[in-house]
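Visitor: Below: one structure in structure tokens.
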Amino acid sequence: MRIDLHTHSSVSDGTDSPAELLSTAAAAGLDVVALTDHDTTAGWGPAAEARPAGLTVVPGMELSCRWFPDDQPPISVHLLGYLFDPLHAAFVAERARLREERLSRGERIVVALAADGHPVAWEAILERSAGGVVGRPHIARALVEAGVVSSVDDAFATLLHHRSPYYVAKADTDVREGIGLVRAAGGVPVFAHGMARSRGRVVGDGAIAAMVDAGLLGLEVDHPDHTAEERDHLRNLAAVHGLLTTGSSDYHGTNKRTPIGACTTDPGQYEALIAAATGSTLLSD
Ligand code: AMP
Ligand code: FE
Ligand code: FE
Ligand code: ZN
């Protein structure tokens, strides 16, 4: 069994439509793929319609969150949620708030870039992100097409990284509240790429312990942005806290170079994950 539990479609900041993503997954020889778009479940319906026979799809999401240290500014963290009830009212409302936050923050970044003479327009970005889940990759693509940078990676390296003067933070969900919402909706919360330093500051082990107290059930260990040492550290931490461990590609189509299935989840861990969920069901034969 080959299982990839973290992918993005064009419903958020990937480039494959949900249907294309599932064909890509099947063609890559995956047996199970989770669709985990940022802050939306809008891809679940199209994925259910387009699912190729033999492929199991885990409905999921990646929630934009923050951890609040005592002595530093908040740290951006991502929380994967699987098999939750997509209609749980408080969770629906929080996702809608996050998407609004993405819109206002995206517009601020684009307006600042345009004010400095970079030829990008907010209206064009909105068209590009038809579902309303705007992220920096949409801005990156617009910068590539305008000839300002040579690639999405180049856009992140120069203008869009978290220390850039154009960077604007989002008012993301307190991760403990996010964990509570996923659990309240019957889902399984897993801390995404928790030690990926290339993305910015990362939280310490104490924060992870606090997330466990809040109901966290798993850690994403095998992720393209984690070194071997970081994976070992997270695997040990999972053993200490009795957490599930997952592996995944974080596939974003052509917005990133990582192929689908680049990292995978152990079948036993996957079985434990689906056994812990009560909010919704797998899409399968
Ligand atoms: P945002 O959610 O708007 O803060 O943007 C974060 C998203 O940008 C992540 O989910 C990734 O998809 C993408 N991203 C972050 N760093 C890079 C990078 N260096 N190259 C390409 N995409 C990136
Ligand atoms: Fe993304
Ligand atoms: Fe992420
Ligand atoms: Zn992701």
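The values are calculated or read from the model by the stated rules, or taken from the named source; none is laboratory data. Note that the structure is a prediction, hence the values are computed from the model and not measured. Glycine also receives a Cβ, built like all others from the backbone with ideal geometry; neighbour counts cover every protein chain displayed. Note: accessible area is taken over every heavy atom of the protein model, side chains too, but ligands, DNA and RNA are not part of it. Shrake-Rupley method; radii C 1.70, N 1.55, O 1.52, S 1.80 Å.
Visitor: What number of residues in segment 134-147 are assigned to a loop (DSSP other than H, G, I, E, B), at negative phi and out of contact with any helix residue (DSSP H, G or I) (no Cβ under 6 Å at 6 or more places or on another chain)?
Guide: To start, the set of residues in segment 134-147 that are assigned to a loop (DSSP other than H, G, I, E, B) comprises 134-135, 146-147.
Of the ones still in play, those that are also at negative phi are 134-135, 146.
Next cut, out of contact with any helix residue (DSSP H, G or I) (no Cβ under 6 Å at 6 or more places or on another chain) only: 135, 146.
Total meeting the criteria: 2.
Visitor: Need pairs with beta-carbon distance below 7 Å; first residue among the aliphatic types (A, V, I, L, M) and within segment 242-264, second part of a loop (DSSP other than H, G, I, E, B) and within 16 Å of ligand 2 (Cβ to nearest atom); sequence gap 6+ or separate chains.
Guide: ILE260/SER249; ALA262/PRO224; ALA262/SER249
Visitor: (1) open to solvent by 30 Å² or more (accessible area, probe 1.4 Å); (2) of a type outside the set (Lys, Arg); (3) in contact with a Leu (Cβ under 7 Å, 6 or more places away or on another chain); (4) not in a loop (DSSP other than H, G, I, E, B): which one isn't true of LEU22, the others all being true?
Guide: Of (1) open to solvent by 30 Å² or more (accessible area, probe 1.4 Å); (2) of a type outside the set (Lys, Arg); (3) in contact with a Leu (Cβ under 7 Å, 6 or more places away or on another chain); (4) not in a loop (DSSP other than H, G, I, E, B), only one is false for LEU22: (1).
Visitor: Given the options VAL152, VAL144, VAL133, name the one that is within 13 Å of ligand 1 (Cβ to nearest atom) and in contact with a Pro (Cβ under 8 Å, 6 or more places away or on another chain).
Guide: Numbers: VAL144 fails: in contact with a Pro (Cβ under 8 Å, 6 or more places away or on another chain); VAL133 fails: in contact with a Pro (Cβ under 8 Å, 6 or more places away or on another chain).
Only one candidate passes the filter, namely VAL152.
Visitor: Within segment 122-140, how many residues are open to solvent by 50 Å² or more (accessible area, probe 1.4 Å) and modelled with pLDDT of 95 or more?
Guide: Start the filter on segment 122-140 by keeping residues that are open to solvent by 50 Å² or more (accessible area, probe 1.4 Å), which leaves 123, 126-128, 130-131, 136.
Okay, now just the ones that are also modelled with pLDDT of 95 or more, so 136.
Residues meeting the conditions: 1.
Visitor: Checking TYR251 against (1) open to solvent by 50 Å² or more (accessible area, probe 1.4 Å); (2) modelled with pLDDT of 95 or more; (3) within 16 Å of the chain's Cα centre (by Cα), which test does it fail?
Guide: (1)
Visitor: Shifting gears a bit: Working only within segment 148-184, note down all residues that are open to solvent by less than 50 Å² (accessible area, probe 1.4 Å) and in a helix (DSSP H, G or I).
Guide: Answer for segment 148-184, where residues must be open to solvent by less than 50 Å² (accessible area, probe 1.4 Å) and in a helix (DSSP H, G or I): VAL152, ASP154, ALA155, LEU159, LEU160, VAL175, GLY178, ILE179, GLY180, LEU181, VAL182.
Visitor: Which numbered condition in (1) within 30 Å of ALA207 (Cα to Cα); (2) within 15 Å of ligand 1 (Cβ to nearest atom); (3) crowded, with 21+ Cβ neighbours inside 10 Å is the only one that SER10 fails?
Guide: (1)
Visitor: On to the next question. Go over the candidates HIS223, HIS193 one by one and state the one that is within 16 Å of ligand 2 (Cβ to nearest atom), open to solvent by 10 Å² or more (accessible area, probe 1.4 Å) and in contact with a Lys or Arg (Cβ under 9 Å, 6 or more places away or on another chain). I'd like the intermediate steps shown before the answer.
Guide: Working: HIS223 fails: open to solvent by 10 Å² or more (accessible area, probe 1.4 Å).
From the options HIS223, HIS193, the qualifying one is HIS193.
Visitor: For VAL77, all conditions in the list (1) touching a residue at least 24 places away in the same chain (Cβ under 8 Å); (2) out of contact with any Cys (no Cβ under 7 Å at 6 or more places or on another chain) hold save one; what is the number of the exception?
Guide: (2)
Visitor: A further question follows. Please identify the pairs in which a residue from segment 35-56 that is within 16 Å of ligand 1 (Cβ to nearest atom) has its Cβ atom under 6 Å from the Cβ atom of a residue that is open to solvent by 30 Å² or more (accessible area, probe 1.4 Å) and in a helix (DSSP H, G or I), counting only partners at least 6 apart or on another chain.
Guide: Here the result reads ASP39/ARG99, each pair linking segment 35-56 to a residue that is open to solvent by 30 Å² or more (accessible area, probe 1.4 Å) and in a helix (DSSP H, G or I).
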